[in-house]
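Below is one structure; the comments refer to it alone.
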Amino acid sequence: MIQDKKTLFSGMQATGTLTLGNFAGALKNWVTLSDQYECFYCVVDLHSITVRQDPSTLRKRARDLLTLYIAAGLDPVKNCIYYQSHVSAHAELAWILNCFTYMGELNRMTQYKDKCAKHADNINAGLFTYPVLMAADILLFQSDVVPVGIDQMQHLEITRDIAQRFNGIYGEVFTIPEAYIGKSGAKIMSLQDPTKKMSKSDENPNASIYLTDDPDTVIRKCKRAVTDSGNEIVYREDKPGICNLMDIYMAMTGRSVAEVEREFDGKGYGEFKMAVGEAVVSVLRPIQERAESLRKDKAYLDSIIKENGEKAAYIANKTLRKVQRKVGFPDRIR
Ligand code: ATP
Ligand code: LTN
């Protein structure tokens, strides 16, 4: 098979309900890019257990996440949407790459430091080697591009370093991937504290808009969003609350800073917040409706899960076998 398209890989953890940050920073771009690339969209459930999870909740969230990928507009026939835990090559390559990654490199990861501070009672080895598993995800598929939010840039850098190190020893085994960061929405901040990233694991439900929020909830959260003193809608460093709402509005409507400033020239915060809320509702509503009908079609979802899992495993195993041969593991006897 001659493949003329480049390869795209990305994933999300099934650790909670997706937020507008996940949508604006990642999922929205996945949909935009999906026609141009051969795409793999993974529900990274192996990563999820680096933080303690309730088993039945994790299983449900993983299925909800996979459903949302499709509901957001990813065609599961053209794109390979699957569970990481169904493809054992992820864990196998991660082990090998662990042996090509230095403690010092992992020690510098800011997400690791943040998670340690947040989960001081469970600083496990998986949390530490999390970026190596992420590198394995990406490198297994010889990915060219990885669309993520800005917070994942450091993990992309270490992935490139590991791949280059491996290639330096064994020859051109891995494609060196590039991050893709969208023009708007790459870092949506908390609605309650615009200096902090909007995160699905934030305890305060008013800090995040969830993709499952109904219209009234979305509007209420936007109205209550913390804003700055003054009343102008301008994109300026001393106005982090307004900048964040503008980022959300731009990500939802595709408009530029200048267009938004012009649109709300002379208007107050109240009117602007209402417009942001309405823009979010109009994007979320169709996704929620599609998710609702998909959830009812159990047999369809199951068939997608099975077929895509098998396809991902087939492709991933090709890279894994090559790596195993390179490092000197014995050939399989057929
Ligand atoms: P958690 O709170 O469990 O750490 P999270 O909300 O940070 O999760 P992830 O699963 O780590 O979400 O991230 C999934 C994708 O969403 C990644 O590409 C990440 O960069 C992106 N993303 C997460 N939060 C934001 C945000 N606030 N703004 C933009 N992109 C984001
Ligand atoms: N660490 C990522 C999730 C993730 C990922 C990946 C993203 C795991 N493996 C591979 C892109 C490509 C996060 O968003 N927290």
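Step through the table entries Lys78/Lys306; Lys113/Lys326; Lys5/Lys183, compare each Cα-Cα distance with 25 Å, and write down the pairs that go over it.
On the way: Lys78/Lys306 15 Å; Lys113/Lys326 33 Å; Lys5/Lys183 23 Å.
With Cα atoms farther than 25 Å apart: Lys113/Lys326.
Just to check, using Stokes-Einstein with a Kirkwood Rh over alpha carbon pairs, what's the diffusion coefficient of the chain at 25 °C and 0.890 mPa s in µm²/s? The diffusion coefficient I find is 117 µm²/s.
For a quick check: sort His155, His86 by the number of other beta carbons within 10 angstrom, fewest at the front.
Details: His155 22, His86 17.
The order, fewest Cβ neighbours first, is His86, His155.
Residues of segment 14-36 falling in the label zone of Arg59, defined by backbone nitrogen less than 17 Å from a point 7 Å along Cα to beta-carbon, are 14-15.
Amide H contacts under 5 Å for Ser190: Lys196, Lys197, Met198, restricted to partners 5 or more places along the chain or on a different chain, H placed in the peptide plane at 1.01 Å from N.
With the radius of gyration and the Kirkwood radius both derived from the Cα set of segment 1-147, what is their ratio Rg to Rh?
On the way: Rg = 15.6 Å, Rh = 16.1 Å.
With Rh from the inverse mean 1/r over Cα pairs, Rg/Rh is 0.96.
Sorted on the mean count of surrounding Cβ atoms within 10 Å across their residues, most packed first, peptides 133-141, 301-309 read 133-141, 301-309. Using θ = phi - 60° in the Karplus curve 6.51 cos²θ - 1.76 cosθ + 1.60, the 3J(HN,Hα) couplings for segment 271-282 round to 5, 5, 4, 4, 5, 4, x, 5, 5, 5, 4, 5 Hz; x is entered for Gly and Pro.
The residue list Val276, Asn231, Gly254 was ranked by how far each Cα lies along the charge dipole of segment 217-317 toward its positive end, using unit charges on Cβ atoms, and Val276 comes out on top.
Size of the dipole of segment 241-306 about the Cα centre, Lys and Arg at +1 and Asp and Glu at -1 on the beta carbon, nothing else charged, in debye to 20? Intermediate results must be reported in sequence, preceding the final value.
Numbers: 10 positive and 11 negative charges, 80 e Å.
That gives segment 241-306 a dipole magnitude of about 380 debye.
With Cα atoms defining each centre, segment 1-38 and segment 94-139 are spaced 22 Å apart in the structure. Modelled label positions at Thr195 and Asp302, each set 7 Å beyond Cα in the direction of Cβ, lie 5.2 nm from each other. Give the lysines whose C-alpha is closer than 16 Å to that of Lys273, dropping any in the same chain fewer than 8 places away, or say none. Output for Lys273: Lys221, Lys223, Lys239.
Rounded to the nearest 500 deg cm²/dmol, what is the calculated helix-only ellipticity per residue at 222 nm for the chain, with -39500 (n - 2.57) per DSSP H run of length n ≥ 4?
Numbers: 13 runs with 173 residues, N = 334.
When only DSSP H runs of four or more count, the value is -16500 deg cm²/dmol.
Here's the picture: charge each Lys and Arg Cβ at +1 and each Asp and Glu Cβ at -1 in the chain, and of Ile81, Trp30, Ile181 the one pushed furthest to the positive end of that dipole is Ile81.
In a shell of Cβ-Cβ distance under 12 Å around Thr50, excluding Thr50 itself, what net charge do Lys and Arg (+1) and Asp and Glu (-1) give? Present the calculation step by step, with values, prior to reporting the outcome.
Details: positive: Arg52, Lys115, Lys118; negative: Asp45.
The answer is +2.
Here, each number is a calculation from the coordinates, and none is a lab measurement. Just so it is clear, the structure is predicted and the values come from calculations on it, not from any experiment. Methodologically, a virtual Cβ is constructed for each residue, glycine included, from the backbone with ideal geometry; neighbour enumeration extends over all protein chains shown.
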